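Asks: Dumping the structure here so I can ask a few things about it.
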Amino acid sequence: MTNRREAGDPALLEELRRSLREARARLLVAVARTEEELATLEAHQPGGPMEDVDRETVTAILSRLEGRERHELDEIHAAQARLETGTFGVCEDCGQPIDLARLRALPVARHCLPCQRRHERQ
């Protein structure tokens, strides 16, 4: 985080834990909804050729969304683990503190902004 005082601030740590819990809860609802929609589509009886194409397209889109949501859940779990081990808020590349504003906006951030930009360029 931006300085040592903030890194140990219990109120700040609780704010970040709460933010991660809320993000996790929202994603779990979205994943459950996606799984229900996929099950409904899979149970669908074949119709005309155009109907099946639309169904296949929707199924493919929902499957990709489910994968992305599961990845986001993995990132939330990893951030929660970093919070508990005391490594939260430290860039995994350079070891420097991640800016507090970045952590508040993206609590799953693993990298400081300069390192993240470098990753995105690669």
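Read-outs: derived from the displayed coordinates by stated rules, not from any lab. Values in this document were obtained by computation on a predicted structure and should not be read as measured data. We place every Cβ from the backbone using ideal geometry, glycine too, and count neighbours over all the protein chains shown.
Asks: Run the numbers for residue 11 and residue 93: contour at 0.36 nm per residue of separation, minus the present Cα-Cα distance, in nm.
Replies: Details: separation 82, 0.36 × 82 = 29.52 nm, distance 2.68 nm.
Length difference between fully extended and current span is 26.8 nm.
Asks: Here's another thing I want to ask about it. In nm, to one decimal, how far is the modelled label at residue 85 from the one at residue 30, with both set 7 Å along Cα→Cβ?
Replies: Placing both labels 7 Å beyond Cα along the Cβ direction yields 2.6 nm.
Asks: Once label points are set 7 Å from the Cα along Cα→Cβ at both residue 122 and residue 70, what is their separation, rounded to one decimal in nm?
Replies: Placing both labels 7 Å beyond Cα along the Cβ direction yields 2.6 nm.
Asks: Sticking with this one: When ranked by the protection proxy of mean other Cβ atoms within 10 Å per residue, highest first, what sequence do the peptides 102-108, 116-122 form?
Replies: Numbers: 102-108: 17.0, 116-122: 10.0.
Going from most to least packed, we get 102-108, 116-122.
Asks: Determine the gain in length on full extension of the stretch residue 77-residue 21; use 0.36 nm per residue of separation and subtract their C-alpha separation, reporting nm with one decimal. Mind showing how you got there, number by number?
Replies: Numbers: separation 56, 0.36 × 56 = 20.16 nm, distance 0.94 nm.
Length difference between fully extended and current span is 19.2 nm.
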